[in-house]
Amino acid sequence: MEDTRRWIFRDIHERDLPEVISLHEELFPVKYSRKFYDSLLDKNSAGMVTIIMQDLFSETIAGVCTFRIQSTPNSFLKAREGYIATFGIKTDFRRQGLGRNLLEFAIKEMEKVEEIYRVCLHVKTDNDAAIALYKSLGFMIKSRLYNHYMIDNEEHDAFEVEKIIVRERVDVSGSVWSLKSVFSSSRPVSQKPSDHGSCCLM
Ligand SMILES: CC(C)(COP(=O)(O)OP(=O)(O)OC[C@H]1O[C@@H](n2cnc3c(N)ncnc32)[C@H](O)[C@@H]1OP(=O)(O)O)[C@@H](O)C(=O)NCCC(=O)NCCS
């Protein structure tokens, strides 16, 4: 039977919090604090932005993405970046392109908030589905962070992955240049990352 759902993106409301909490508990092995969830509702803080993907008619929530705009740690140039804190699609709705749509939408929203030079996030090194999705959207591995996550008393490595936002500029002489050439230093996700060097350590 044809799926007649119409997926829309919207902001989080207070009434969503219980569902957003249970969605995070279903999707992620990492446990998030009450402070984290409260920050999603705090519109006055310059903190987290939450995007909810829901069916227009039934209001079923399929996925969620939270991000913030921050200064790149240890950056000389005071560069600004979008950091994706959490992102996922409910099991029943996977492999239909919703994850890709949600991530693309979130990146566009970040670019509206501020001029950022990259989008970055952390992903467990064995999360093949997410890594394949990031790769398909042009993300690259920046570094491997050993023992980054503590899950059920076990340490797990993470990749820091990034997507450089390319914005072409024309300078006064008429030459075209792009931010990518200034900042990019990462490799395609399929290649083995180096074992050292990191930024965006959270
Ligand atoms: C990762 C996740 C968000 C993908 O969501 P999704 O809606 O199923 O992804 P999409 O249908 O948009 O898939 C887009 C592409 O990602 C890749 N992909 C997605 N799931 C995959 C899987 N299980 N195995 C291999 N590749 C996969 C494919 O390249 C896919 O393109 P294709 O369908 O044309 O082959 C989802 O699996 C999820 O929520 N996982 C649990 C939470 C999580 O790990 N979040 C990321 C934390 S960093």
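Could you check, for region 141-153, whether at least one of its residues is within 9 Å of the ligand (Cβ to nearest atom), under 24 Å from residue 20 (Cβ atoms) and in contact (Cβ under 8 Å) with a residue 24 or more places away in the chain?
For region 141-153, residues within 9 Å of the ligand (Cβ to nearest atom), under 24 Å from residue 20 (Cβ atoms) and in contact (Cβ under 8 Å) with a residue 24 or more places away in the chain: absent.
What do you reckon, is residue 142 farther than 30 Å from residue 60 by Cβ, at pLDDT below 95 and not polar (S, T, N, Q)?
No.
Report, by residue number, each residue of region 112-139 that is acidic (Asp, Glu) and modelled with pLDDT of 95 or more.
Within region 112-139, 126, 128 meet the criteria.
Could you tell me how many of the residues in region 150-165 are surrounded by 14 or more Cβ atoms within 10 Å (Cβ to Cβ) and part of a loop (DSSP other than H, G, I, E, B)?
Here the count works out to 1.
Tell me which residues, restricted to region 54-85, are touching a residue at least 12 places away in the same chain (Cβ under 8 Å), of a type in the set (Lys, Arg) and away from the ligand (no atom under 16 Å from the Cβ).
Once the filter is applied, which keeps residues that are touching a residue at least 12 places away in the same chain (Cβ under 8 Å), of a type in the set (Lys, Arg) and away from the ligand (no atom under 16 Å from the Cβ), region 54-85 yields only 80.
Restricting attention to region 116-140, and to residues there that are more than 7 Å from the ligand (Cβ to nearest atom) and part of a helix (DSSP H, G or I), which single residue is surrounded by the fewest Cβ atoms within 10 Å (Cβ to Cβ)?
Per the stated criteria, the residue is 135.
Filter region 63-113 for residues that are crowded, with 20+ Cβ neighbours inside 10 Å and over 23 Å from residue 43 (Cα atoms); which is farthest from the chain's Cα centre (by Cα)?
Only one residue fits best here, namely 89.
The values are calculated or read from the model by the stated rules, or taken from the named source; none is laboratory data. Predicted model only: the values in this text are computed from it and were never measured. Counting neighbours? That spans all protein chains shown, and the Cβs are built from the backbone with ideal geometry, glycine included.
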